[in-house]
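Input: a single structure, listed below in C-alpha cells.
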Amino acid sequence: MFELSTNVATPKQLRNGDFSAYDALYLGDFSCAEYPNNFSSHPEFLAEAVETVKGQGKKCYLRLYAVPSNHDLPWVRKVIETALTLPFDAFEVHNLGLLQMLREMGSNTPVHLGVFGNLYTDATARVVKDYGVTRVYPNPELSLKEAIYIRDHTPVEVLVPVHGKIPLVISETCFILEHSSKAADGKCTFSCAQDHWLTRTKGDWSLKDTGRMTLSGSDLCMLEHVDELAAAGLNAFYVQSHGESAEYAAQVGEIYREAFTRAFAGQPPGDPAARLEALNGLAKMGLCNGYYFESAGRRYVGRA
C-alpha cells in the first residue's frame with residue numbers, strides 16, 4: 001500500500017547496511033562521480049547490486065549523475081548502456097539532457113525526476129511525463145499542499161521525503177577539496193566521508209556539506225504527520241540518508257516502517273515520544289519540517 005525508499009551509494013554500503021525496513025533502494029551518489037565505487041559512475045558493479053536488491057524482494061532504482069558536463073556524457077552513456085541490460089525498475093535523472101539521451105537510446109525503463117530536476121509546477125510534470133517520467137521529487141521549497149496539487153493534477157506519482165537532511169545546492173566542483181589544506185595538490189582524499197558543517201559565526205544556523213552537495217543542518221522529520229500523509233493518498237515516501245551512517249538508515253527506516261504500517265492499517269499512531277527521542281538523537285542539529293507547512297524550513301511543527 002506504500003513504498004518506503006532510501007539511497008545506497010556503494011557496494012560496501014549495500015553489503016554492510018540493514019535495509020530490511022525499505023521497499024526500494026536508489027543506487028548511487030548522484031552528486032559526485034569520483035566517490036569511490038559509486039554505483040552512479042561504476043557500471044561494473046551494477047549487475048551484482050541489482051541481483052542483491054532484487055533478491056531481497058525490493059525495487060531497485062539507478063541514480064544517474066545529476067550535473068554532467070559535455071565531457072561527462074560519454075561515460076554516463078556507458079553507465080546507461082550497462083543499466084539497460086539489467087532489470088532496474090527505474091532510472092533517476094536530474095538533467096533534461098539525460099532524459100533526451102535515454103529516449104535516443106531506446107530506453108523503456110520508467111524514469112524518476114530527482115530533486116535537482118527543480119520541479120515546481122504541475123505544468124513541468126506534464127512536460128517530463130512525455131519523456132517517460134513516472135515519478136517526480138518536487139523541489140524541497142514546495143509546501144505539502146503544493147506537492148499534493150501536483151499529484152492530483154498530473155499523471156505522475158509524487159515522491160515525498162519524510163526524513164533526513166534536505167538537499168539544497170549541488171555543484172560541479174567540490175567545496176571540501178577547494179578548502180582543504182590536506183588536498184593542496186588538488187587530489188581528492190575523500191574527506192567527505194567525515195562530517196563537514198557550514199556554521200554562521202553566531203552559531204544560529206548550520207548546513208551540512210558533503211563536497212559537491214550542501215544539505216540542511218536540521219533533519220526533516222514528518223513522523224508526527226504520517227497519518228496526514230496516508231490520508232492524503234500519498235504512497236511513495238523517501239528517507240534521505242546521503243552522508244549518514246548505516247545505523248542512521250536502519251533506525252530511521254524501522255521507525256517510519258512501523259509508523260506507516262499502522263497508518264495505512266487505520267490504527268492509531270500511539271505516543272511518538274520515544275520514537276521522536278530516537279530520531280532527535282540521530283540529528284546533530286535537531287529536527288524540522290522543511291517547507292511542508294509554508295514556513296522558512298527550520299521550524300518543527302508537531303501534531304496539532
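The condition of being closer than 19 Å to Thr214 by Cα and within 16 Å of the chain's Cα centre (by Cα) holds for only one of Phe39, Phe91, Phe30, Phe19, that being Phe30. Look at the range 91-108: where a residue is farther than 16 Å from Ser31 by Cα and a partner is among the charged types (D, E, K, R), sitting 6+ places away or on another chain with Cβ atoms under 9 Å, you get Met101/Arg77; Met105/Arg77; Met105/Glu81. What about Cys60, is it crowded, with 21+ Cβ neighbours inside 10 Å, modelled with pLDDT under 95 and either more than 18 Å from Met213 (Cβ to Cβ) or touching a helix residue (DSSP H, G or I) at 6+ places or on another chain (Cβ under 8 Å) (or both)? Taking the combined requirement at face value, the residue does not satisfy it. If only residues of the range 130-165 that are over 23 Å from Leu215 (Cα atoms), acidic (Asp, Glu) and modelled with pLDDT of 95 or more are counted, the one that is nearest to the chain's Cα centre (by Cα) is Glu157.
The set of residues in the range 267-284 that are crowded, with 16+ Cβ neighbours inside 10 Å and over 23 Å from the mean Cα position of the chain (by Cα) comprises Pro269, Pro272.
If you filter the range 28-47 down to residues that are in contact with a strand residue (DSSP E or B) (Cβ under 6 Å, 6 or more places away or on another chain) and modelled with pLDDT under 95, you find that the one that is surrounded by the most Cβ atoms within 10 Å (Cβ to Cβ) is Phe30.
Yes or no, residue by residue, for (1) more than 23 Å from Tyr291 (Cβ to Cβ); (2) in contact with a helix residue (DSSP H, G or I) (Cβ under 7 Å, 6 or more places away or on another chain); (3) surrounded by fewer than 20 Cβ atoms within 10 Å (Cβ to Cβ); (4) modelled with pLDDT of 70 or more:
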| site | (1), (2), (3), (4) |
| --- | --- |
| Ser191 | yes, yes, yes, no |
| Cys221 | no, yes, no, yes |
| Ala249 | yes, no, no, yes |
| Thr261 | yes, no, yes, yes |
| Ala265 | yes, no, yes, yes |
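For the range 285-298, filtered to residues that are surrounded by 14 or more Cβ atoms within 10 Å (Cβ to Cβ) and at pLDDT below 90, the residue that is farthest from Val226 (Cα to Cα) is Met285. Pull out all pairs, ordered by first then second residue, where Cβ-Cβ is under 8 Å, the residues are six or more apart or on different chains, the first lies in the range 10-37 and is among the basic types (Lys, Arg), and the second is in a loop (DSSP other than H, G, I, E, B). Correct list of pairs: Lys12/Asn37. When the range 38-62 is filtered for residues that are part of a loop (DSSP other than H, G, I, E, B), in contact (Cβ under 8 Å) with a residue 12 or more places away in the chain and closer than 25 Å to Phe260 by Cβ, the ones remaining, listed by number, are Gln56, Lys58.
The values are calculated or read from the model by the stated rules, or taken from the named source; none is laboratory data. This one's a predicted model, so the numbers in the text were calculated from it and none came from an experiment. Every residue, glycine among them, receives a Cβ derived from its backbone with ideal geometry; neighbour counts consider all protein chains shown.
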